[in-house]
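Engineer: The following block contains the structure, expressed as structure tokens.
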Amino acid sequence: MPSRKFADGEVVMGRWPGSVLYYEVQVTSYDDVAHLYTVKYKDGTELALKESDIRSQSSFKHRKSQSSSSSPSRRSSSRSRSRSRSPGRPAKGRRRSASQSREHKDDKKKTIQETSLALPVLVWFKPSENNTKRYNGEPESTEKNATSCIILEQKLKPDLEIKRVLEQYSLRSRKDDKKKEEIYSEKKTFVAVKPIEKVPTKTKELEFGGRIGTFMLIFLLPATVFYLLLLCKQDDPSLLNFPPLPALESLWDGRVFGVILLWFLLQAAFYLLPIGKVVEGLPLSSGRKLQYRINGFYAFILTAAVIGVLLYFQFELHYLYDHLMQFAVSAAAFSVALSIYLYARSLKAPEEELAPGGNSGYFIYDFFTGHELNPRIGSFDLKYFCELRPGLIGWVVINLAMLLAEMKIHNLSVPSLSMILVNSFQLLYVVDALWNEEAVLTTMDITHDGFGFMLAFGDLVWVPFVYSLQAFYLVGHPTTITWPVAAAITVLNCIGYYIFRSANSQKNNFRRNPADPKLANLKFIPTATGKGLLVTGWWGFVRHPNYLGDIIMALAWSLPCGFNHILPYFYVIYFICLLVHREARDEHHCKQKYGLAWERYCQRVPYRIFPYIY
């Protein structure tokens with residue numbers, strides 16, 4: 001076992017991955033398994049570096065002094081040659097001898113090596129207010145911001161640093177002008193950055209209460225779902241009125257489990273249909289991009305056709321209402337079996353395919369959060385499929401079953417106004433998610449979280465059976481509302497939906513293509529990762545405007561149920577708690593990822609979710 005060379009807290013010179021530039025960094029920790037040092041740059045960026053990419057400051061200064069003492073003579077010889085001939089292409093009819101050409105190339109390489117070694121001391125990027133640019137496709141004209149832009153590009157695009165050095169020392173590249181224009185397009189200020197390849201390290205910061213918390217959640221989440229469903233069928237659905245426990249044998253029905261399995265396979269078949277476009281996801285830590293077929297909306301249309309056929313042949317869909325508890329138990333059993341399979345297969349997954357948040361080495365924690373980031377069977381992406389298909393579309397089917405059950409139980413020719421509002425609002429939410437399916441590829445569920453019990457249970461059980469709680473409640477506890485009240489609730493839902501959709505669209509479009517002319521009016525703060533933090537539009541209003549829209553819509557979904565009981569508002573309370581947790585996690589993640597740029601963003605946008613409140 002090799003011993004570590006650098007101690008925690010030691011200030012050293014770390015090479016920026018993919019470049020020859022060295023920067024002053026501080027060692028924060030060392031991974032004995034991967035033999036990697038976690039270092040922190042001055043702008044707050046943390047990276048894992050190999051020992052070969054780190055040098056002591058003394059050795060760096062020694063190399064710098066050597067290059068300084070030897071460089072003047074070489075630079076003078078380079079200047080003397082430049083007087084006799086242009087550094088560009090020789091004039092027509094003039095030829096160099098082979099020896100002269102080789103000598104010129106050798107001197108040129110030496111000059112580049114010397115200047116690139118001394119350059120890092122001068123290229124520290126320190127964000128300031130002047131770095132906040134209006135995204136109009138061109139850098140600001142001031143000299144200070146132009147210098148900052150060059151410095152940022154040198155740090156973020158190490159593969160182009162040789163071109164920068166050549167231009168700085170009046171040495172022209174012999175490559176085609178066309179290729180140079182492609183690299184330095186005048187219409188692009190925000191350039192794409194090749195992802196830094198990093199070997200995943202062990203998860204050190206555990207969420208959800210660590211091993212004990214995740215162990216308890218594995219039992220608490222299913223218990224909560226069953227408790228809410230039992231409570232909804234009570235005449236008095238007060239939270240303190242604990243419902244009697246049903247017999248265990250009444251909770252399981254093999255036919256119901258067969259329906260759950262058939263539903264999952266049906267949605268999988270729709271997912272595999274060769275319809276819809278194929279897009280690439282965001283780059284993984286290895287730089288690879290996975291491909292995804294966008295056909296969720298088509299799957300919804302096909303599902304609606306199947307349901308329509310069943311209703312035409314007099315299939316009683318309200319069977320779901322009569323056996324909802326059994327369906328929930330079967331779905332929970334299926335999610336547990338899927339989670340076990342996911343963890344078992346993750347043990348054989350390559351290290352670079354593990355989730356950054358689910359690689360702690362603790363069985364319970366990794367089982368809960370998900371050990372593998374993108375588990376796939378061929379081209380079938382299990383996490384992406386479960387994110388939007390079986391549970392989200394199943395939510396709409398359950399709502400429809402509740403509507404039909406209400407009409408049958410209460411002998412109604414048409415559904416109640418409250419039931420129509422709940423079904424309509426939530427149908428809009430689901431259709432929007434499927435229509436904008438591509439946007440889910442930029443969420444943390446896809447890019448950061450592994451696929452384990454948390455997402456499997458959440459997608460397949462929590463979403464369809466808890467999110468349909470208002471419709472289930474209205475079947476046994478009908479609520480009458482007037483048309484003016486219904487109109488006011490509809491306006492509230494539209495406001496929440498507008499905030500939710502426009503904020504998510506801004507974020508997704510900016511992540512996909514910052515140079516889009518439609519985004520020319522947006523301002524952003526550049527970061528060391530190559531991404532920008534929006535400080536105008538919805539994201540300049542609060543830090544998480546999409547969460548604000550979510551909460552407003554959740555309130556609109558519950559208001560048609562009246563105020564007799566708090567049970568229909570459980571979803572609102574849960575949603576606020578969930579989003580506050582996500583917001584805290586996002587804050588921590590962004591602070592680590594963006595460093596000082598995130599601190600500047602928080603100063604510009606002080607409110608997190610609720611303006612002037614929180």
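Engineer: Is it the case, given these coordinates, that Leu228 is under 26 Å from Val397 (Cα atoms) and either assigned to a loop (DSSP other than H, G, I, E, B) or open to solvent by 50 Å² or more (accessible area, probe 1.4 Å) (or both)?
Structural biologist: Spelling it out, it is not the case that Leu228 is under 26 Å from Val397 (Cα atoms) and either assigned to a loop (DSSP other than H, G, I, E, B) or open to solvent by 50 Å² or more (accessible area, probe 1.4 Å) (or both).
Engineer: From the list Ala439, Ala456, Ala405, exactly one residue is in contact (Cβ under 8 Å) with a residue 60 or more places away in the chain and either among the charged types (D, E, K, R) or open to solvent by 20 Å² or more (accessible area, probe 1.4 Å) (or both). Which is it?
Structural biologist: Ala439
Engineer: Considering every residue within the range 375-388, establish whether at least one is assigned to a helix (DSSP H, G or I), in contact (Cβ under 8 Å) with a residue 12 or more places away in the chain, in the same structural domain as Ile212 (by the TED database) and among the polar types (S, T, N, Q).
Structural biologist: Going residue by residue through the range 375-388, those that are assigned to a helix (DSSP H, G or I) are 382-388.
With in contact (Cβ under 8 Å) with a residue 12 or more places away in the chain added as a condition, the list becomes 382-388.
Retained after the next criterion (residues that are in the same structural domain as Ile212 (by the TED database)): 382-388.
Still in the running and among the polar types (S, T, N, Q): none.
Looking for residues that are assigned to a helix (DSSP H, G or I), in contact (Cβ under 8 Å) with a residue 12 or more places away in the chain, in the same structural domain as Ile212 (by the TED database) and among the polar types (S, T, N, Q), one finds none in the range 375-388, hence no.
Engineer: Can you tell me which residues in the range 6-36 are on the phi < 0 side of the Ramachandran plot and part of a loop (DSSP other than H, G, I, E, B)? Give the derivation first.
Structural biologist: Of the residues in the range 6-36, the ones on the phi < 0 side of the Ramachandran plot are 6-8, 10-17, 19-34, 36.
Once the filter is applied, which keeps residues that are on the phi < 0 side of the Ramachandran plot and part of a loop (DSSP other than H, G, I, E, B), the range 6-36 yields Phe6, Ala7, Asp8, Glu10, Trp16, Pro17, Ser19, Val20, Leu21, Asp32, Val33, Ala34.
Engineer: Check off (1) in contact (Cβ under 8 Å) with a residue 40 or more places away in the chain; (2) surrounded by fewer than 18 Cβ atoms within 10 Å (Cβ to Cβ) for Ala299 and give me the number that stays unchecked.
Structural biologist: (2)
Engineer: Only one residue in Leu404, Leu388 is in contact with a helix residue (DSSP H, G or I) (Cβ under 7 Å, 6 or more places away or on another chain) and either more than 26 Å from Leu492 (Cβ to Cβ) or not β-branched (Val, Ile, Thr) (or both). Which one? So that I can check it myself, show each step before the final result.
Structural biologist: Working: Leu404 fails: in contact with a helix residue (DSSP H, G or I) (Cβ under 7 Å, 6 or more places away or on another chain).
Result: Leu388 is the single residue among Leu404, Leu388 that is in contact with a helix residue (DSSP H, G or I) (Cβ under 7 Å, 6 or more places away or on another chain) and either more than 26 Å from Leu492 (Cβ to Cβ) or not β-branched (Val, Ile, Thr) (or both).
Engineer: Now a separate question. Could you list all residues from the range 576-614 that are in contact with a helix residue (DSSP H, G or I) (Cβ under 7 Å, 6 or more places away or on another chain), at pLDDT 75 or above and over 20 Å from Gly532 (Cβ atoms)?
Structural biologist: Within the range 576-614, Ile576, Ile609, Phe610 meet the criteria.
Engineer: Any idea which of (1) modelled with pLDDT under 80; (2) aliphatic (A, V, I, L, M); (3) more than 30 Å from the chain's Cα centre (by Cα) is the one Ile54 doesn't satisfy?
Structural biologist: Going through the list (1) modelled with pLDDT under 80; (2) aliphatic (A, V, I, L, M); (3) more than 30 Å from the chain's Cα centre (by Cα), Ile54 breaks only (1).
Engineer: Can you tell me which condition Leu261 does not meet? The list is (1) under 30 Å from Pro568 (Cα atoms); (2) surrounded by 14 or more Cβ atoms within 10 Å (Cβ to Cβ); (3) modelled with pLDDT of 95 or more; (4) not charged (D, E, K, R), and all the others hold.
Structural biologist: Of the numbered conditions (1) under 30 Å from Pro568 (Cα atoms); (2) surrounded by 14 or more Cβ atoms within 10 Å (Cβ to Cβ); (3) modelled with pLDDT of 95 or more; (4) not charged (D, E, K, R), the odd one out for Leu261 is (2).
Engineer: Tally the residues that are more than 12 Å from Lys202 (Cβ to Cβ) and either in contact with a Ser or Thr (Cβ under 7 Å, 6 or more places away or on another chain) or not in a loop (DSSP other than H, G, I, E, B) (or both), restricting the search to the range 340-354.
Structural biologist: 9
Engineer: So in the range 213-223, with the set limited to residues that are open to solvent by less than 50 Å² (accessible area, probe 1.4 Å) and touching a residue at least 40 places away in the same chain (Cβ under 8 Å), which one is farthest from Asn564 (Cα to Cα)?
Structural biologist: Checked the range 213-223; the qualifying residue farthest from Asn564 (Cα to Cα) is Thr214.
The values are calculated or read from the model by the stated rules, or taken from the named source; none is laboratory data. These numbers come from a predicted model, not from an experiment. Reconstructed Cβ throughout: ideal geometry from the backbone, glycine too, with neighbour counts over all protein chains shown. With ligands, DNA and RNA removed, areas are computed over all heavy atoms of the protein, side chains included. Shrake-Rupley method; radii C 1.70, N 1.55, O 1.52, S 1.80 Å.
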